[in-house]
1. Angle, helix 56-66 long axis vs. longest principal axis of the chain, Cα atoms, 0 to 90°, nearest 10?
2. Any idea what the dipole of the chain comes to, in debye rounded to 20, about its Cα centre with Lys/Arg Cβ at +1 and Asp/Glu Cβ at -1?
3. To the nearest 10 degrees, how steep is helix 296-309 against the longest Cα principal axis of the chain, on a 0 to 90 scale?
4. Quick check: the angle from helix 141-160's long axis to the longest principal axis of the chain, C-alpha only, nearest 10 degrees?
5. What is the local net charge at G161, summed over the other residues whose Cβ is closer than 13 Å to its Cβ (Lys, Arg +1; Asp, Glu -1)?
6. Using +1 at the C-beta of Lys and Arg and -1 at the C-beta of Asp and Glu, which of H73, Y173, V49 has the Cα lying farthest in the positive direction of the dipole of the chain?
7. Please compute the net charge surrounding F37, taking Lys and Arg as +1 and Asp and Glu as -1 over other residues with Cβ under 14 Å from its Cβ.
8. Between R266, R154, R283, which gets the highest mean-square fluctuation from a Gaussian network model of the chain, Cα cutoff 10 Å?
Amino acid sequence: MKILVTGAGGFLGAAAVRALVARGDQVIALDTQLGAFGPDDAAPGLTLVPGDITDMANVAQAMVTHRPDAVLHCAAIVGVLSSLGSPINVVRVNVEGSLNVFESMRLAGVTRCIHISSEETYGAFQADRIDETHPQNPVMPYGICKVAVEHLGRTYRDLHGLEVINLRTSWVYGPGLPRNRIPKNLVDAALAGRELHVPWGADTAIDHTYVDDAVSAMLCALDRDAFAHDAYHVASGTSATVREIVEIVKSLVPGAKLTVGDGPLRFNDGLVMVRKGALDVTRAGKEWGWHPKHDMRSGLAAYVAALRAR
Ligand SMILES: NC(=O)c1ccc[n+]([C@@H]2O[C@H](COP(=O)([O-])OP(=O)(O)OC[C@H]3O[C@@H](n4cnc5c(N)ncnc54)[C@H](O)[C@@H]3O)[C@@H](O)[C@H]2O)c1
């Protein structure tokens, strides 16, 4: 297959590009930042295309020139905090940029897009475990933009025959994660022998997805002939509290000096996070036969092992 990957230079995009190239697919890797790819990545199947999804001419040219079989749409400004810091830019990149991707697909006659959406589209979870039918009431610009893109995808499906499939993933972690995250911060501190106290959040339970599982789901979705739904959870299917994550990391890195304070998890500036929980992955399991390999413990073990191997 020939796949155009937007956001190809990012955490998930680059991991997906490498997996696609490794299995022999042709990949058009589009991003404003392609520094993730070095000489070791050079392969006949990989074409790097510096491009900005907010620039319609850039995206349309890439789409018309390469006419991929499918688009894996990962480009975005990512995260709740980033979206609070620059909401206008988030609307421009995440919504307007996605619209440029859909519009370019329409012009080039490309129909399938796998869009990486998020559990942030739900806002506060109404239960400890939710499935894809849970109401979407996002509370932050990031989640609101993701819902907008999901709906725009449906409009392009109804008006122009596009097939936009939304993979709603949870907090993805693993080697290469560029942002502060609970598991990354804890694992980095533990391996460096640094003390770390996370000031709050001990009892907050979150579904964390190991990067390899996210990538295997993206490939699985790209390989499917048809979909019964347009949204699927891609997650571990389990949730772990921050207290449990601390204990797991301490068991993986003996001597690690990690502690966590009580109360709900807050973002860096003190903003309280809405209720989270586990994402039910039954739909992808039943329809595609995709199952996550990692729960929190085995994912953290894989993460620590990968960092130690470096
Ligand atoms: N990582 C997670 O925990 C997570 C969870 C849920 C959903 N997602 C979604 O998965 C996708 C990938 O996330 P990630 O973790 O790899 O993030 P990332 O920040 O590592 O990668 C995003 C990439 O998009 C690129 N990009 C940003 N603006 C662009 C533009 N205007 N034109 C072209 N490229 C642009 C960036 O340069 C970056 O390489 C995003 O859509 C994100 O919302 C990620």
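Coordinate-derived values only; no laboratory data. Note that the structure is a prediction, hence the values are computed from the model and not measured. Backbone-built Cβ (ideal geometry, glycine too); neighbour counts: all protein chains shown.
1. Value to nearest ten degrees: 70.
2. In debye, rounded to 20, the chain gives about 440.
3. Approximately 80 degrees, to the nearest 10.
4. 30
5. Its environment carries a net charge of +2.
6. My answer, from the dipole projection, is Y173.
7. It works out to a net charge of -2.
8. The residue with the greatest mean-square fluctuation here is R266.
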